[in-house]
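Colleague: One structure, as structure tokens, below. Some questions next.
Values quoted throughout were computed directly from the atomic coordinates according to the rules given, and no laboratory measurement underlies them. Bear in mind the structure is a predicted one, so any value in this text is a computation, not a measurement. Ideal geometry is used to build each Cβ from the backbone, glycine not excepted, and the neighbour counts take in all protein chains shown.
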Amino acid sequence: MNERSSRSHAVFKINLTQTTTSVPKKQFEKPTEHIRESQLNMVDLAGSERNKKTGAVGDRLKEAGSINKSLSTLKAVIDALVENSRTHKAGFVPYRDSIL
């Protein structure tokens, strides 16, 4: 929006694997392996900015409004997915609340 404004996003996906091997209790037993896997997804979105602060006008102002609206919609989708994951219910996820 201006020379100091940054609209970059970052998405990180981290896969974690933990492998443990048990020690056999009897002489001819084979050790057993236990594997735990997990996935961590992190998203860092560019923050919405106040239009007054950026000094945007015209098409830039319209673009900033659209970006801020789409970020708000994305936040609502992520919040709904997190809530569904916590409650183990298939609640409504507002995927189509934005025309973008």
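Colleague: Where residues in segment 73-100 are of a type in the set (S, T, N, Q) and surrounded by 13 or more Cβ atoms within 10 Å (Cβ to Cβ), which of them is farthest from residue 9 (Cα to Cα)? Break it down stepwise before answering.
Modeller: So the first thing to find is which residues in segment 73-100 are of a type in the set (S, T, N, Q), and the list is 73, 84-85, 87, 98.
The next check asks that each one be surrounded by 13 or more Cβ atoms within 10 Å (Cβ to Cβ); those that pass are 73, 84, 98.
Working: 73: 15, 84: 25, 98: 19 Å.
Filtering first and then ranking leaves 84.
Colleague: For residue 15, which of the numbered conditions (1) closer than 28 Å to residue 75 by Cβ; (2) surrounded by 10 or more Cβ atoms within 10 Å (Cβ to Cβ) fails to hold?
Modeller: It fails just one condition, (2).
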